[in-house]
């Protein structure tokens, strides 16, 4: 660093150099040392961040992974909360369909005379045994129509089945 006096010359000779006291020199040394330490810290910090590929915005991205993970977990939980009742209703529909089919077949067998008793009473027994409730039963000749229902999580699943001899 080259210092120049007000006349434009260098301070190379002792006579032209401004006089400073020992306190001022110590203050300047302290300031220069402090600046050198700050510069060294900044260089070390920049070198450490270069390997991460974070660049200048790395200080603002601290904790971004945690926020992303919490957001993903919350999204999965809310999606599960929507899909679970739907899957339970679909499973209940299959169960009620099987119960209604079995009830209609039992009622048709009773109407034909394979089993003794009343067709709708026999259908009610079979439907109840399969986990559903009988809501309707009609017998028209040898053809029986059975309606079964089951309530799952507040959703009413109703299925109607018909059985009888081939025409």
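Throughout, read-outs are computed from the coordinates displayed, never taken from laboratory work. Remember, it's a predicted structure, so these values are computed and weren't measured experimentally. Using ideal geometry, Cβ is built from the backbone for each residue, glycine included, and neighbour counts are taken over all protein chains shown.
May I ask you to say which residue of 74, 144, 148 is surrounded by 10 or more Cβ atoms within 10 Å (Cβ to Cβ) and assigned to a helix (DSSP H, G or I)? If you could, list the steps in order and put the result at the bottom.
Values: 144 fails: assigned to a helix (DSSP H, G or I); 148 fails: assigned to a helix (DSSP H, G or I).
On inspection, the qualifying residue turns out to be 74.
Residue by residue, here is whether (1) in a helix (DSSP H, G or I); (2) in contact with a helix residue (DSSP H, G or I) (Cβ under 9 Å, 6 or more places away or on another chain) holds:
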{"site": "98", "(1), (2)": "yes, no"}
{"site": "105", "(1), (2)": "yes, yes"}
{"site": "115", "(1), (2)": "no, yes"}
{"site": "138", "(1), (2)": "no, yes"}
{"site": "156", "(1), (2)": "no, no"}
Notebook entry, point to check: When the range 112-167 is examined, which residues are found to be touching a strand residue (DSSP E or B) at 6+ places or on another chain (Cβ under 6 Å), closer than 30 Å to residue 85 by Cα and in contact (Cβ under 8 Å) with a residue 40 or more places away in the chain?
Noted result: 145, 146, 147, 148, 149, 150, 157, 158, 159, 160, 161, 162
